[in-house]
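These notes are about the structure you will find just below.
The values are calculated or read from the model by the stated rules, or taken from the named source; none is laboratory data. The structure presented is a predicted model; accordingly, all values stated were derived computationally and were not measured. Note: ideal-geometry Cβ built from the backbone for every residue, glycine included; neighbour counts use all protein chains shown.
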């Protein structure tokens, strides 16, 4: 099953010798002007995504000789500093990438302009894209971004490890109780008491913890205060399950690198982004694995997971029509297909989610189901993408805090971080 791998679609489209232009929209070539409009596009660097974007820019420039797209990639550690500095001086990008939740921060700082409504209307956007991906993009009836680089949470299971534990891999875990049941069968120690094979892992990763809370019934948001909410019993239940894997059930070892362990057949199950398919397929060694939607808290419960994604926005100085034309090209159905095949970024267009090759493939099917059921991250602050949730988990699993104490800390810090992010009226 897993040997078909993430590259099935990529092989179908790319290994047959199809050029990038064959995958892209059959838009007409526009006449050149005496001097092309230059669109500066900035984003944080990721090798697979960079390669796709370079193909897209090359094809776009061929089809639109009146526009010239120039790409600039920066390491994530320096990216936002460079963007902020450039925008503050009136220079920098025309189109750039931000985390989805930060779109409201940038328009509040008057750094953005909306998409050109002559090319794409609000109604079109809402019809074309899944709601979770565009949650933060609309202001006063206008859209300020289109979504890219999306990930949900699914569960990977190592076929060899499960089979050696006597588990039928045709029946992957469907509920939290089954996760614990399987993980106990899988977990092994060596003679010195050290973990030899880990049962299951969350890694304390923020989107995984958020997913578990959602599956326990938490909304993670207080509509009355309009602020993050980690104070509910449902949020506590999801968090408790995660820390119990380490402390009570002792089937997760925080000291192990979950990616290395999974690749080396030393980990049975792991919650992760679907993009890890590509990572596992191209790594060394290559494990045999399957994928399932994130198991529900209880039979018949929700399989929804937290979606995190990025956005492409237009700066105030940009030529709106040309910039919108470029963003529409980058997020077209064909470009989406190229991203999905090459870098694992999930398709976000409603029409793309029912492609036959997705529905019939055992690896794609649960991934696509996770997109359809995804819940948007409701906050603006990027600190809730991972940092604060992971820290709360570490306070329990590493520092010995009580789960209730860690959740109280998380709730307080989440509100502080959200208010601080919203207060940014200048960049």
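Exactly one condition in (1) within 30 Å of residue 159 (Cβ to Cβ); (2) at pLDDT 95 or above is false for residue 363; which is it?
(2) is the only condition that residue 363 fails.
Could you identify the single residue in 120, 103 that is buried (at least 18 other Cβ atoms within 10 Å of the Cβ), assigned to a loop (DSSP other than H, G, I, E, B), at pLDDT 95 or above and on the phi < 0 side of the Ramachandran plot?
Details: 103 fails: assigned to a loop (DSSP other than H, G, I, E, B).
Checking each option against the conditions leaves just 120.
Could you list, in sequence order, all residues of region 38-64 that are in contact with a strand residue (DSSP E or B) (Cβ under 7 Å, 6 or more places away or on another chain) and surrounded by fewer than 18 Cβ atoms within 10 Å (Cβ to Cβ)?
Of everything in region 38-64, those that are in contact with a strand residue (DSSP E or B) (Cβ under 7 Å, 6 or more places away or on another chain) and surrounded by fewer than 18 Cβ atoms within 10 Å (Cβ to Cβ) turn out to be 38, 45, 50, 54, 61.
Within region 396-414, is even one residue over 28 Å from residue 80 (Cβ atoms), free of Cβ contacts under 8 Å to residues at least 40 places away in the same chain and in a helix (DSSP H, G or I)?
Yes - at least one qualifying residue is present in region 396-414.
Looking at residue 87, is it part of a strand (DSSP E or B), in contact (Cβ under 8 Å) with a residue 12 or more places away in the chain and more than 30 Å from residue 285 (Cβ to Cβ)?
So residue 87 does not fit the description; no.
Kindly provide the set of residues from region 32-49 that are within 24 Å of residue 79 (Cβ to Cβ), modelled with pLDDT of 95 or more and more than 16 Å from the chain's Cα centre (by Cα), ordered by number.
Result: 38, 39, 40, 41, 42.
Within region 126-158, which residues are surrounded by fewer than 20 Cβ atoms within 10 Å (Cβ to Cβ), touching a helix residue (DSSP H, G or I) at 6+ places or on another chain (Cβ under 9 Å) and in a helix (DSSP H, G or I)?
Passing the criteria: 126, 127, 128.
Quick check on this structure: which one of 298, 234, 266, 240 is surrounded by fewer than 16 Cβ atoms within 10 Å (Cβ to Cβ) and modelled with pLDDT of 95 or more?
298
Tell me yes or no: at least one residue of region 349-360 is buried (at least 22 other Cβ atoms within 10 Å of the Cβ) and over 15 Å from residue 129 (Cβ atoms).
For region 349-360, residues buried (at least 22 other Cβ atoms within 10 Å of the Cβ) and over 15 Å from residue 129 (Cβ atoms): absent.
Has region 296-310 got any residue that is more than 29 Å from residue 384 (Cβ to Cβ) and assigned to a strand (DSSP E or B)?
Within region 296-310, not a single residue is more than 29 Å from residue 384 (Cβ to Cβ) and assigned to a strand (DSSP E or B).
Out of all the residues in region 61-71, is one or more within 22 Å of the chain's Cα centre (by Cα), under 20 Å from residue 322 (Cα atoms) and not in a loop (DSSP other than H, G, I, E, B)? Write out each step before concluding.
From region 61-71, those within 22 Å of the chain's Cα centre (by Cα) are none; that's our starting set.
Checked against the condition, which is being within 22 Å of the chain's Cα centre (by Cα), under 20 Å from residue 322 (Cα atoms) and not in a loop (DSSP other than H, G, I, E, B), region 61-71 yields no hits at all.
Among 75, 126, which is the only one that is modelled with pLDDT of 95 or more and over 22 Å from residue 307 (Cα atoms)?
Every option except 75 fails the conditions.
Exactly one condition in (1) in contact (Cβ under 8 Å) with a residue 24 or more places away in the chain; (2) closer than 16 Å to residue 147 by Cα; (3) surrounded by fewer than 22 Cβ atoms within 10 Å (Cβ to Cβ) is not met by residue 341; state its number.
That leaves (2) as the condition not met.
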